[in-house]
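The values are calculated or read from the model by the stated rules, or taken from the named source; none is laboratory data. What you see is a predicted model, and the numbers here were worked out from it, not measured in a lab. Please note: Cβ atoms are built from the backbone with ideal geometry, for glycine as well, and neighbour counts cover all protein chains shown.
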Amino acid sequence: MSLVMLINRSGAMVLPFLSIYLNQELSFSFKQTGIVMACFGLGSVTGAFLGGIITDRIGYFRVMYTSLLLTGLAFFGLMFLKDFYALCGGIFILSLIADSFRPANLTAIEAFSKKGNLTRSLSLVRLAINLGYAIGPFLGGYVASLVGYDFLFILNGSSIVMGGTVFYFLFRNRKRKSAPDKLTEAQIAERDLPWFNGNYLLYLVLFMITIVVFFQLIYSVPLFFKREYLFDESKIGLLMALNGLIIAIIEMPLIYKIENRFRPISLVVFGGILIGIGFLFLSIIPHYLTAALIFTCFITVGEILSFPFSNTYALSFAQDHNRGKYMGLYTMTFSVSHIFSPICGMYIIGAWGFDILWEGGAALCIAASLMIIVTKMRKAQVR
């Protein structure tokens, strides 16, 4: 699974540069750029929701393979779209197909893991993802600056198709959990469905605020580096690669050391606080390169602590027969964040500037992270 994700994400060259492509290459306004990027989030929400339901019905293998194959083909078609409305539709379809993969992937990881090493299993896959993410933007920055943006779409699509092909041959005969039997009335009671679990929903809303702020790394930060710091795409790609490289080097050893020493929710909260502080540094440090490096280090460590354990904590709410639905709703928090993050970010930039975005985002991220503790208290009271 990790090998598949490494191949897949090594070609992840489009999304980190999409805001620059839309604003600088296609001359879209901040508002138009935000809307196109929000269409990515709308498709992501739909894909995550459908992916969770379909995974519980037909199993994760078919969902994952189909998603990988069709996503790669969608990237090939996307490079021909230049019109605003065509891009809105194309991005929506692309993300719908791509994010149907995520609930199935999380369910598969749980199926191949033991309870005692679930967080490490999640971290191993994240290591592969982030190692690929270190390679992808690094190469993508040079490809965009030297050859042009069309080649980003070609390379991105090719890597996903390759990942899907490897996945098919590695997993087609591998023993896996069959689709669940028909559920009993007790299993489909309201208390077993994630959208009726108030404590789970509160956790997801609070965690989603952190993700909305964090995703400025994808949507607003590259544009900030380009317009305000005057970095070219190759330097931006290096900074993006640094995020993935740090994760690839330290996440697995760090998770191994701390997973049994701290509660998952405590690490989710602390990681969110570090992410907020990282964005604050973009506003208060005057030296460009120093600010960029410190920002990258803080949000990377925050991501390492927060994201794997947020997944583990989310899984603690689920049971065997509804895990796909719970993971579908969990991945939808990332999908919804893909809607609000670009729209809010681009609106604030256009109205008040980058500094207000960094300072306001930092305050929201820290406050939401601290409030997550409430969900643990409420969950304990219910039990």
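Touching a residue at least 60 places away in the same chain (Cβ under 8 Å), buried (at least 21 other Cβ atoms within 10 Å of the Cβ) and not polar (S, T, N, Q): is that true of LEU280 in this structure?
Working: touching a residue at least 60 places away in the same chain (Cβ under 8 Å): yes; buried (at least 21 other Cβ atoms within 10 Å of the Cβ): no; not polar (S, T, N, Q): yes.
For LEU280, the condition - touching a residue at least 60 places away in the same chain (Cβ under 8 Å), buried (at least 21 other Cβ atoms within 10 Å of the Cβ) and not polar (S, T, N, Q) - is not met.
State which residue pairs qualify: first residue without any contact (Cβ under 8 Å) to a residue 60 or more places away in the chain and under 13 Å from MET240 (Cα atoms) and inside the range 15-26, second residue of a type in the set (Lys, Arg) and assigned to a helix (DSSP H, G or I) in any location, beta carbons under 7 Å apart, and separation of 6 or more residues or different chains.
Close Cβ pairs satisfying both conditions: none exist.
Considering only the range 1-46, how many residues are under 13 Å from ILE339 (Cα atoms) and within 18 Å of the chain's Cα centre (by Cα)?
12
Being more than 20 Å from ASN243 (Cα to Cα), of a type outside the set (Ser, Thr, Tyr), in contact (Cβ under 8 Å) with a residue 60 or more places away in the chain and assigned to a helix (DSSP H, G or I) is the requirement here; does LEU131 meet it? Spell out the reasoning first.
On the way: more than 20 Å from ASN243 (Cα to Cα): no; of a type outside the set (Ser, Thr, Tyr): yes; in contact (Cβ under 8 Å) with a residue 60 or more places away in the chain: yes; assigned to a helix (DSSP H, G or I): yes.
Criteria not met by LEU131.
Check TYR133, TYR149 and return the single one that is of a type in the set (Phe, Trp, Tyr), in contact with a helix residue (DSSP H, G or I) (Cβ under 7 Å, 6 or more places away or on another chain) and within 15 Å of ILE7 (Cα to Cα). Explain how you work it out, then say what you get.
On the way: TYR149 fails: within 15 Å of ILE7 (Cα to Cα).
That would be TYR133, the only listed residue that is of a type in the set (Phe, Trp, Tyr), in contact with a helix residue (DSSP H, G or I) (Cβ under 7 Å, 6 or more places away or on another chain) and within 15 Å of ILE7 (Cα to Cα).
With (1) touching a Phe, Trp or Tyr at 6+ places or on another chain (Cβ under 7 Å); (2) under 24 Å from ALA241 (Cα atoms); (3) surrounded by 20 or more Cβ atoms within 10 Å (Cβ to Cβ); (4) at pLDDT below 80 as the list, and SER123 as the residue in question, which single condition is left unmet?
Going through (1) touching a Phe, Trp or Tyr at 6+ places or on another chain (Cβ under 7 Å); (2) under 24 Å from ALA241 (Cα atoms); (3) surrounded by 20 or more Cβ atoms within 10 Å (Cβ to Cβ); (4) at pLDDT below 80 one by one, SER123 breaks only (1).
Just for the range 299-331: of the residues that are within 14 Å of the chain's Cα centre (by Cα) and at pLDDT below 80, which one is surrounded by the fewest Cβ atoms within 10 Å (Cβ to Cβ)?
THR331
Pick from PHE75, PHE101, PHE40, PHE17: which is crowded, with 22+ Cβ neighbours inside 10 Å, of a type in the set (A, V, I, L, M, F, W, C), modelled with pLDDT under 85 and more than 27 Å from LYS325 (Cα to Cα)? First the steps, then the outcome.
On the way: PHE75 fails: modelled with pLDDT under 85; PHE101 fails: more than 27 Å from LYS325 (Cα to Cα); PHE40 fails: more than 27 Å from LYS325 (Cα to Cα).
After ruling out the rest, the residue left standing is PHE17.
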